[in-house]
Amino acid sequence: MSAEDMGKVSRKLRLAFALMSVLFLIVLAISPVKDTLLPWRSYKRQFARFADSRPEHKRLLADFQPGVDQIWIPQLGVVDRCGTCHQGISQPSLDDPSVPAVFRAHPQIPHTVADWGCVACHRGQGRATEVQEAHETTLAWEQPLLPNRYIQASCGSCHLNDLREAPQLQRGRELLTRLNCVGCHKLQGITRPQMLGPDLTNVGAKVSREWIYKWLRDPRTLTDKDGNVTVNGVASEPRMPQFRLTEEELRGLSAFLSVQRHDVVSPAKFDARVLAVWAKKSDTVEQGETRFRQMFCTTCHAIATTRAGQTTLIGGNIGPELTKVATKVNTDWLVAWLRDPEGYLPHTSMPRYAWSDEDLYKVVRYIQSKLADSSLLSDVPQLGAPTDAEIQLGKRLFMQKGCSSCHVIDGIATPTEFGPDLSQLGGKTTSQLEFGQSHIPRNLISYIRAKVSDPPSVNATARMPQFHLSPEDLDAVTTALLSMTGEPPTPAWAQLRVSAPQPQFHPAGEFGEIYERYKCSTCHKFNGYGGTLAPDLSFEGSRAQRAWLMAFLKNPQTLRPTLTLRMPQFNMSDHEASVIADYLTAAQQSHDVRSGAVDTREYTPALATLGKELYEVKYQCQSCHTIGSSGGYVGPSLNSAGLWLRPEWIEAWLRDPQALDPQTIEPRLSMNDKELKAITAYLLTLRQPIVSSKASAGGTP
Amino acid sequence: MTRRSWLLLFLATLPIVSCRRAKQPGPDPIARAYDVEIDWNDPQRVIPLNYTQAQGKRLFYTYCVWCHADATPAGPSNRSNVNPTPALANDGVVLNPMSDQLLQNTITLGGSAMGKSAMMPAWGKTLSQKDVQALIAFMRAIAQPPYAPPARPGAQYNVK
């Protein structure tokens, strides 16, 4: 090659080199240009402009800097850059709908953004700096933002205790407990109770094969005219879910269960003198109904009543709904059960009433004639006597279908973890879920909703039965399941976790026996343990006078006249009542109420007159409390306050009700000491004796 | 240009086209809401509530519902027992003209302090100021006719 040629080539090369340089320059410029055009920078610029337009701009822009804003909390593993765009998140003055949503302040919740970051509650990707990557599921980032509708799930991931501030989460946890989900699934924060479904060892002695068949096909025997199981807004859904069973399976299971007859129920026997009188009377059934209502069976058991075409369900949901119970159980079993429920089911929450034969006979006659529906089993085919093949099939199905997870039969083992472990479900990513043939959106929330509301839609061979939940309840259950995110991600999170207290209250001695017999803790709370239906009795000894307790236990006089759910009449003996009264008086005391703190000689008639004026004019307590026959229904009636309450309790209560019962809705008023004493003096003069319930007609449901 | 370069160009545009996101449906206010309340006068209408309003709802159904609503969680309402009859919490005709400050004082200090019926107790020692503000936010959200906040505080008192 000649030198001249080389010169030409080098010119060409030089040109190419120059072109390449420009190209490289452009390529190198891409990155900084892209960087300046990033969306978050534009959000920052927009915020600066927006802040300038506000009077408090100096405060808004005090921490403003052009780069990415990041919250870094190493021990919690928090690296959140959300504040880069959400600039106004901790500016209280921007909590206003007129502020653009991106810059709006976070509502005032008990946690601050600076201490907790955002992702811990809202999920999404804290490290991302692009809108889509931060909020949604992309290929690289799997965890989408949790919609606000379910945000209470995040409260539940750390707060395993009761959380009044998160009602949806509470409701969801209650439902998971009530529907016995722990029978098959492992759940976080919900422990398996002693009894799930009833023990079926002796069920053949209680119900007929036809009834079992009907119940297994659809346990909802009570429907309104549209076929809904929700009567007048009250869910009459039984705890037993609906299983998808074929005709053959129904025959097999009903055959197997109907031969579970280990103990023979002896025929019902009544005192001959009672029978001689009551069997002939024409109004036995009506009197039985009156007694049924007087005893407040409806506090635990609901009954559907139809008036003017409108079916309403009246009563509680602690025990099963009883509208058609006489068609379900045979009379011999019913009598034996009412006499001694624990004889049939050791862990039942049904109390053992002290029946007189007369009352029992009347109530049984009422149940037989009024709580029956002869057409209930009309759509059940003739099943006949169970064959060996059917029984064998039923026994196999009893284990295969998971019946044995909730129901006990002697000789059949209870499986552990029959269904999948759900204690980490809320933290699963989309790729960990199996959507099967379903067409639902690919995310955790639609997965949970589909699995709970219609299990076969996700997995055609699902063993999970059908639960019928209202839309609100489905949301609540979804929230509670989303809250179960398994073990805390870091030790610091583990320390922050608020565990649920597991109080127990099982007193010993004679009181303990009576307490277990009447199942007091089903409705009442004792030192944190027990139900919430009735007043907390932790401080009952400081509140009530012993004589009043005795009278109340013998005849639960109603303190709150409008309640339909009231303390049942247990017909307890004088001795039992005095044991309870003694125990409550001695043991259930509050440190804040001292019996020596008041001097009853101070309560002069003149002071009581002043108290009456304060009660009626200054504080107008009659808006919530009844005295005589006038006043409100919100608080308890005060007609017998002088016999019921201890003076030291009234004073302490008026001074600060929430100190004695944090849940009470009685407002704390600013009374001075003289006012407290005056009102106490007045209330102590109210001494209407407790009337006998035999005289009053009892509640009408 | 050759056929091959056209093909290459076409292939190069493919990812760009396919990367475009499908148009998202508009945000559903109910799904985005923290909680909802059914309109008391119209059961078909669902009112979305934000966090503060939802806290107000919880407090309302604990403390206030007994006298300021016709249906309560326990069934009957105490409203008919109280004289003068308390306003319904969603009664916009009565409550909309009242400023937030007036409502806050009435709830905190009670009816008698504000020259109204002493049947309304003072809640200032039971509820925090934040609680009371949440209650007011809830009442504003469910008001019928709907509540429109004044352009600036006190504007509703302008006399022309």
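Looking for something touching a helix residue (DSSP H, G or I) at 6+ places or on another chain (Cβ under 6 Å) and within 14 Å of chain B (Cβ to nearest Cβ) - is there at least one such residue anywhere in segment A:175-198?
no
Rundown of residues vs (1) more than 24 Å from the chain's Cα centre (by Cα); (2) among the polar types (S, T, N, Q); (3) over 18 Å from A:CYS181 (Cα atoms), yes/no style:
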| position | (1), (2), (3) |
| --- | --- |
| A:ALA389 | yes, no, yes |
| A:SER404 | yes, yes, no |
| A:ILE409 | yes, no, yes |
| A:THR416 | yes, yes, no |
| A:LEU422 | no, no, no |
| A:GLY427 | no, no, yes |
| A:GLN437 | yes, yes, yes |
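Just the residues that are assigned to a loop (DSSP other than H, G, I, E, B) and more than 12 Å from chain B (Cβ to nearest Cβ), please, taken from segment A:140-156.
Those that are assigned to a loop (DSSP other than H, G, I, E, B) and more than 12 Å from chain B (Cβ to nearest Cβ): A:ALA140, A:TRP141, A:GLU142, A:GLN143, A:PRO144.
How many residues does segment A:43-66 hold that are without any contact (Cβ under 8 Å) to a residue 12 or more places away in the chain and either not assigned by TED's automatic domain parsing to the domain that holds A:ALA120 or not in a helix (DSSP H, G or I) (or both)?
The total comes to 5.
If only one of B:ASN105, B:ASN83, B:ASN78 is more than 30 Å from A:LEU533 (Cβ to Cβ), within 11 Å of chain A (Cβ to nearest Cβ) and either touching a residue at least 60 places away in the same chain (Cβ under 8 Å) or out of contact with any strand residue (DSSP E or B) (no Cβ under 6 Å at 6 or more places or on another chain) (or both), which one is it?
Answer to the check: B:ASN83.
Name the residues in segment A:85-110 that are in a helix (DSSP H, G or I) and of a type in the set (S, T, N, Q), would you?
A:SER93 - this is the single residue of segment A:85-110 that is in a helix (DSSP H, G or I) and of a type in the set (S, T, N, Q).
Given A:ARG178, A:ARG164, A:ARG173, which one is crowded, with 18+ Cβ neighbours inside 10 Å and of a type in the set (Lys, Arg)?
So the residue among A:ARG178, A:ARG164, A:ARG173 that is crowded, with 18+ Cβ neighbours inside 10 Å and of a type in the set (Lys, Arg) is A:ARG173.
Tell me yes or no: at least one residue of segment A:608-617 is closer than 13 Å to A:ALA678 by Cα, within 14 Å of another protein chain (Cβ to nearest Cβ) and within 35 Å of the chain's Cα centre (by Cα).
Taking every residue of segment A:608-617 in turn, none turns out to be closer than 13 Å to A:ALA678 by Cα, within 14 Å of another protein chain (Cβ to nearest Cβ) and within 35 Å of the chain's Cα centre (by Cα).
Out of curiosity, is B:LYS57 buried (at least 19 other Cβ atoms within 10 Å of the Cβ), of a type outside the set (A, V, I, L, M, F, W, C) and in contact with a helix residue (DSSP H, G or I) (Cβ under 9 Å, 6 or more places away or on another chain)?
yes
Tell me yes or no: at least one residue of segment A:466-477 is surrounded by 15 or more Cβ atoms within 10 Å (Cβ to Cβ), touching a helix residue (DSSP H, G or I) at 6+ places or on another chain (Cβ under 8 Å) and β-branched (Val, Ile, Thr).
Checked segment A:466-477: at least one residue is surrounded by 15 or more Cβ atoms within 10 Å (Cβ to Cβ), touching a helix residue (DSSP H, G or I) at 6+ places or on another chain (Cβ under 8 Å) and β-branched (Val, Ile, Thr).
crowded, with 16+ Cβ neighbours inside 10 Å, in contact (Cβ under 8 Å) with a residue 40 or more places away in the chain and either part of a helix (DSSP H, G or I) or within 32 Å of the chain's Cα centre (by Cα) (or both): is that true of A:LEU257 in this structure?
Against the criterion (crowded, with 16+ Cβ neighbours inside 10 Å, in contact (Cβ under 8 Å) with a residue 40 or more places away in the chain and either part of a helix (DSSP H, G or I) or within 32 Å of the chain's Cα centre (by Cα) (or both)), A:LEU257 qualifies.
Show the residue pairs that are 6+ apart or on different chains and have beta-carbon atoms under 6 Å apart, the first residue being within segment B:121-144 and more than 10 Å from every other protein chain (Cβ to nearest Cβ) and free of Cβ contacts under 8 Å to residues at least 40 places away in the same chain, the second being surrounded by 22 or more Cβ atoms within 10 Å (Cβ to Cβ) and in a helix (DSSP H, G or I).
Listed by first residue and then by second, the contacts come to B:VAL132/B:ILE107.
Restricting segment A:57-91 to residues that are under 29 Å from B:ALA137 (Cβ atoms) and loosely packed, with under 12 Cβ neighbours inside 10 Å, which is modelled with the lowest pLDDT?
A:ASP63
Only one of these is part of a helix (DSSP H, G or I) and crowded, with 18+ Cβ neighbours inside 10 Å: A:LEU313, A:LEU360, A:LEU322. Name it.
The conditions single out A:LEU360.
How do the pairs read when you match residues in segment A:68-79 that are assigned by TED's automatic domain parsing to the domain that holds A:ALA114 with residues anywhere that are among the hydroxyl-bearing types (Ser, Thr, Tyr) and in a loop (DSSP other than H, G, I, E, B), using Cβ under 8 Å and keeping only pairs 6 or more apart or on different chains?
Every condition considered, the pairs that remain are A:VAL68/A:THR129; A:GLN75/A:THR490; A:LEU76/A:THR490; A:GLY77/A:THR490.
Considering only segment A:111-138, how many residues are touching a residue at least 40 places away in the same chain (Cβ under 8 Å), within 14 Å of chain B (Cβ to nearest Cβ) and either touching a Phe, Trp or Tyr at 6+ places or on another chain (Cβ under 6 Å) or not in a helix (DSSP H, G or I) (or both)?
Counting residues in segment A:111-138 that are touching a residue at least 40 places away in the same chain (Cβ under 8 Å), within 14 Å of chain B (Cβ to nearest Cβ) and either touching a Phe, Trp or Tyr at 6+ places or on another chain (Cβ under 6 Å) or not in a helix (DSSP H, G or I) (or both) gives 2.
Kindly check whether there is at least one residue in segment A:381-392 that is assigned by TED's automatic domain parsing to the domain that holds A:PRO241, among the aliphatic types (A, V, I, L, M) and part of a loop (DSSP other than H, G, I, E, B).
Checked against the condition, which is being assigned by TED's automatic domain parsing to the domain that holds A:PRO241, among the aliphatic types (A, V, I, L, M) and part of a loop (DSSP other than H, G, I, E, B), segment A:381-392 yields no hits at all.
Yes or no: A:TYR633 aromatic (Phe, Trp, Tyr) and more than 10 Å from chain B (Cβ to nearest Cβ)?
It is false that A:TYR633 is aromatic (Phe, Trp, Tyr) and more than 10 Å from chain B (Cβ to nearest Cβ).
With respect to A:SER542, determine if the residue is touching a helix residue (DSSP H, G or I) at 6+ places or on another chain (Cβ under 7 Å) and not in a loop (DSSP other than H, G, I, E, B).
yes
The values are calculated or read from the model by the stated rules, or taken from the named source; none is laboratory data. Everything numeric here is computed off the predicted structure, so don't read it as measured data. All Cβ positions, even for glycine, are placed from backbone atoms using ideal geometry, and neighbour counts span all protein chains on display.
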